[in-house]
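The values are calculated or read from the model by the stated rules, or taken from the named source; none is laboratory data. Every value quoted in this text rests on a predicted model; they were computed, and no experiment measured them. Cβ: placed from backbone, ideal geometry, glycine included. Neighbour counts: every protein chain shown. Ligands, DNA and RNA are stripped out before the accessible areas are found, and what is left, the full protein with its side chains, is counted by its heavy atoms. Shrake-Rupley method; radii C 1.70, N 1.55, O 1.52, S 1.80 Å.
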Amino acid sequence: MIRVQRGGPADRAGIRPGDRLRTIDGRTVDGQTAARVAALLRGDGTGGGSTPAAAGTPVVLGLQRGERTWTRTLRRAELAAEAVAVHRLDGDAVLVRVTAFTRGSGERVRRAVAAAPAGAGVVLDLRGNGGGLVSEAVAAASAFLDGGLVATYDVHGEERALYADPGGDTTRPLVVVVDGGTMSAAELLTGALKDRGRAVTVGSRTFGKGAVQMPSRLADGSVAELTVGHYRTPAGLRVDGRGITPDVPAATRVQERARTVLSGLGRGA
């Protein structure tokens, strides 16, 4: 578990960040994609069709913490989670925390940057961000770039590219905070801002999930996610299995370190 939402079923059951999820209703999650694990947790298709199971239905989790293993039955619940949260920090800085690239999150990042006071620095916190929609990560990159390359990837041997929209804020001081839970689309965004010299990255090495996955419907009506290629950053770095090493390593007091770096960028502007 990278993070546990406060007040949610996992939090109430005593599950903590760092606990390892081994099984869901007796099915192993080893080798499963993040999307498949999420579908099992939601109970997609348990009532017929592809809709999630109703709130209040049980799900049995097999968990591991160090040498200890145990199972716990939780009740599903509808959780209200804002993918993008904006906070004004002390001094002339804004914190933009993005927990997932859900639909509309890229535009919310752009609005947050546009609404920040003139000259205010931005701490873009991507810790624990498991990814999401690549298009939303590209939209978020467009908040800080004036067009140009965001990433390249191959599909069946054919190279393709993703580009930022023009008109982003290219002068505002920017620090991106990452950790081992920064994955997939969040790594794509991190790599673009780092390689393009737009941001200083702070924290610990990212997860290293740069696979391009496309859904394929099978004969029985189920959907399998097939890996067809891998993303590369603008400098040609393949993220999958390697992750991104931040410019400024920090394992503790990470946000404080990010603020210190940001203040230095502001003085150098």
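Descriptive notes on the structure:
- Once the Cα gyration tensor of region 53-186 is diagonalised, semi-axes √(5λ) in Å: 32, 21, 15
- Nitroxide proxy distance, nm - points 7 Å out along Cα→Cβ at residue 160 and residue 260: 4.3 nm
- Of the solvent-accessible surface of the chain, computed with a 1.4 Å probe over protein heavy atoms with every protein chain present, carbon and sulfur atoms account for 50 percent.
- When the surface is traced with a 1.4 Å probe over the full set of protein chains, residue 4 keeps roughly 30 Å² accessible.
- Hydrodynamic radius of region 128-199 per Kirkwood, over alpha carbon pairs, in Å: 12.5 Å
- Share antiparallel - DSSP beta bridges, the chain, percent rounded to 5: 70 percent
- Rg ratio (alpha-carbon, reference 2.2 N^0.38 Å) - the chain: 1.05
- Note on residue 54 and residue 16: the extension gain reaches 11.2 nm, defined as 0.36 nm multiplied by sequence separation minus the Cα-Cα distance.
- Helix-only [θ]222 nm of the chain, DSSP H runs n ≥ 4, -39500 (n - 2.57) each, per residue, nearest 500: -6500 deg cm²/dmol
- Region 135-175 shape via C-alpha gyration tensor axes, a/c threshold 1.5: prolate
- With each label modelled as a point 7 angstrom along the Cα→C-beta vector, the residue 37-residue 78 pair spans 2.6 nm.
- Sites counted here are GluC sites (Glu not before Pro) in a DSSP loop (not H, G, I, E or B) having no more than 13 other Cβ atoms within 10 Å; the longest part of the chain that contains none of them is 83-269.
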